[in-house]
Amino acid sequence: MWLPSAAGPRPGCPRRLPALLLLPLLGGCLGLVGAARRPNVLLLLTDDQDAELGGMTPLKKTKALIGEKGMTFSSAYVPSALCCPSRASILTGKYPHNHHVVNNTLEGNCSSKAWQKIQEPYTFPAILKSVCGYQTFFAGKYLNEYGAPDAGGLEHIPLGWSYWYALEKNSKYYNYTLSVNGKARKHGENYSADYLTDVLANLSLDFLDYKSNSEPFFMMISTPAPHSPWTAAPQYQKAFQNVIAPRNKNFNIHGTNKHWLIRQAKTPMTNSSIRFLDDAFRRRWQTLLSVDDLVEKLVKRLDSTGELDNTYIFYTSDNGYHTGQFSLPIDKRQLYEFDIKVPLLVRGPGIKPNQTSKMLVSNIDLGPTILDLAGYDLNKTQMDGMSLLPILKGDRNLTWRSDVLVEYQGEGRNVTDPTCPSLSPGVSQCFPDCVCEDAYNNTYACVRTLSSLWNLQYCEFDDQEVFVEVYNITADPDQITNIAKSIDPELLGKMNYRLMMLQSCSGPTCRTPGVFDPGYRFDLRLMFNSHGSVRMRRFSKHPL
């Protein structure tokens with residue numbers, strides 16, 4: 001643990017934004033109108049926690065201390081159902097096609113030197129620290145390739161962080177290394193000293209005890225739970241012994257009329273696969289009990305120091321997860337609700353308790369929201385998201401979006417897996433019996449629409465089939481029936497065009513009216529090029 005000294009700079013403080021980078025950010029932070037002081041903000045981020053399959057069930061304290069004290073969003077989505085692209089979207093407020101992080105590898109721009117140079121200086125924590133004067137604290141998993149030698153190693157501290165306790169690479173619970181303000185600190189397998197969720201809790205409590213009281217603070221705590229290897233704390237390893245993965249309507253069924261990657265899954269699953277995913281489901285829940293403890297400790301400490309009433313607390317996840325849906329054992333990466341929908345709970349000053357919002361939101365909205373809370377002029381950013389502050393404050397005359405973009409670029413090489421010669425080239429993340437969760441052409445983009453008229457999802461794949469999937473979520477919440485061939489062709493054309501617009505949007509153009517917004521205008525001529533053929537949306541093949 002660190003104990004700041006009265007003499008000398010705080011750890012990480014000397015790293016400030018270069019003057020040239022500050023030019024587009026100048027303007028200061030005025031704070032909320034009528035607020036006596038700028039609010040503190042705490043962002044709690046879990047790893048692979050679903051909203052559709054009971055992911056919040058173990059978190060009774062979290063629901064009571066955040067959800068019941070504020071607002072729960074029932075329609076919160078991620079712009080990409082994979083850790084690194086989604087986390088990059090949280091930090092930048094941008095869709096993946098604008099921050100260019102497409103997967104969890106350095107080659108996919110995850111924590112690469114290009115990311116560090118082009119995107120990190122403009123993340124919302126960088127603005128909070130250098131323009132708004134916030135103390136900024138990070139603890140936990142940052143990006144999957146953080147700490148890699150080719151990414152600057154553990155010495156690299158991203159611009160914008162006053163205190164930095166970042167996990168080397170991907171989620172672990174024991175036997176990991178932290179970058180402690182740029183210096184490596186190894187941890188072993190002693191529960192009391194090394195269990196990562198508890199270590200993050202203790203670091204956070206220390207920060208609250210020893211931070212400066214003259215500046216507002218922003219904290220981002222990113223837990224390993226409930227990511228694999230699902231190692232629960234000793235006291236929780238026997239919890240939920242009678243729990244199994246939900247047997248909902250799309251569990252262990254064949255994905256009829258779906259993308260080839262879904263169709264290839266063998267149905268029914270083997271008994272061993274079902275036992276494996278049931279065990280994973282239980283263990284995921286067990287790891288979340290320590291997250292629940294972490295939330296309780298932080299809220300109690302904020303309350304005891306008198307800062308709770310001036311602190312906004314956000315709780316969310318980087319993506320969802322599936323366990324047996326459409327006979328895929330365990331993973332994320334797919335376009336369906338169980339992978340792209342996440343929990344989002346918010347409490348704070350001026351937010352009435354016990355509220356549920358059905359507004360369609362995305363994690364690209366978190367950065368703009370937090371900057372808005374700090375009083376920063378959002379017009380000075382290039383963020384694609386929208387501030388949730390009007391929703392949180394109960395604005396009844398609010399005009400809101402009717403759609404968000406979801407996009408994913410599949411991982412894998414264009415070669416045949418020798419263990420699965422019957423499958424197409426490029427498969428990856430394969431389980432026994434050649435059930436594969438990803439492939440290089442598992443590349444898709446979707447418009448997720450929610451309005452008074454429709455609860456709809458429209459998706460296109462970048463493959464030889466140019467496969468299309470469309471779901472009416474109201475009539476078919478389990479997304480079993482693809483209605484692409486039966487839906488009104490005019491509506492299909494509008495959704496196709498809207499998808500093209502979103503895939504090329506940037507900043508304000510990502511917030512233009514969607515198909516079901518009152519201000520939407522559709523010109524059929526825009527669907528065709530000068531030669532009379534239908535325009536097809538282009539996917540980016542290159543991350544940079």
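The values are calculated or read from the model by the stated rules, or taken from the named source; none is laboratory data. Not measured: the values here are computed from a predicted model. Every residue, glycine as well, gets a Cβ built from its backbone with ideal geometry; the counts of neighbours run over all protein chains shown. Note: areas computed on protein heavy atoms with side chains; ligands, DNA, RNA excluded. Shrake-Rupley method; radii C 1.70, N 1.55, O 1.52, S 1.80 Å.
In the set D403, D417, only one residue is surrounded by 20 or more Cβ atoms within 10 Å (Cβ to Cβ) and not assigned by the TED database to the domain that holds Y95; that residue is D403.
Per-residue answers, yes or no, for (1) of a type in the set (S, T, N, Q); (2) part of a helix (DSSP H, G or I):
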site	(1), (2)
A139	no, no
G160	no, no
N170	yes, no
N175	yes, no
A184	no, no
S204	yes, yes
F207	no, yes
S228	yes, no
T231	yes, no
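Would region 375-390 turn up any residue that is open to solvent by 50 Å² or more (accessible area, probe 1.4 Å), modelled with pLDDT of 95 or more and over 30 Å from T72 (Cβ atoms)? Yes, there is a match, as at least one residue in region 375-390 is open to solvent by 50 Å² or more (accessible area, probe 1.4 Å), modelled with pLDDT of 95 or more and over 30 Å from T72 (Cβ atoms).
Inspection of region 58-69 identifies at least one residue that is modelled with pLDDT of 95 or more, under 24 Å from N170 (Cα atoms) and of a type in the set (A, V, I, L, M, F, W, C). Scan C459, C430 and give me the residue that is in a strand (DSSP E or B), open to solvent by less than 40 Å² (accessible area, probe 1.4 Å) and either closer than 30 Å to K352 by Cβ or not assigned by the TED database to the domain that holds I340 (or both). One residue alone meets the criteria, C459.
Of the residues in region 359-366, at least one is open to solvent by 10 Å² or more (accessible area, probe 1.4 Å) and in contact with a strand residue (DSSP E or B) (Cβ under 8 Å, 6 or more places away or on another chain).
Inside region 256-290, residues that are in contact with a helix residue (DSSP H, G or I) (Cβ under 7 Å, 6 or more places away or on another chain) and at pLDDT below 95 make up a count of 2. You will find that of T512, T481, the residue that is among the hydroxyl-bearing types (S, T, Y) and at pLDDT 95 or above is T481 and no other. Of all residues assigned to region 281-296, none qualifies as being crowded, with 19+ Cβ neighbours inside 10 Å, in the same structural domain as T46 (by the TED database) and in a strand (DSSP E or B). All conditions in (1) touching a helix residue (DSSP H, G or I) at 6+ places or on another chain (Cβ under 9 Å); (2) open to solvent by 50 Å² or more (accessible area, probe 1.4 Å) hold for S452, with the sole exception of (1).
Kindly provide the set of residues from region 308-322 that are open to solvent by 10 Å² or more (accessible area, probe 1.4 Å) and farther than 18 Å from C83 by Cα, ordered by number. Within region 308-322, L308, D309, N310 qualify. Looking only at residues of region 222-277 that are among the β-branched types (V, I, T) and within 26 Å of the chain's Cα centre (by Cα), we find that the one that is most open to solvent (accessible area, probe 1.4 Å) is I244. Against the conditions (1) under 28 Å from L289 (Cβ atoms); (2) surrounded by fewer than 23 Cβ atoms within 10 Å (Cβ to Cβ); (3) of a type in the set (K, R), K141 satisfies every one except (2).
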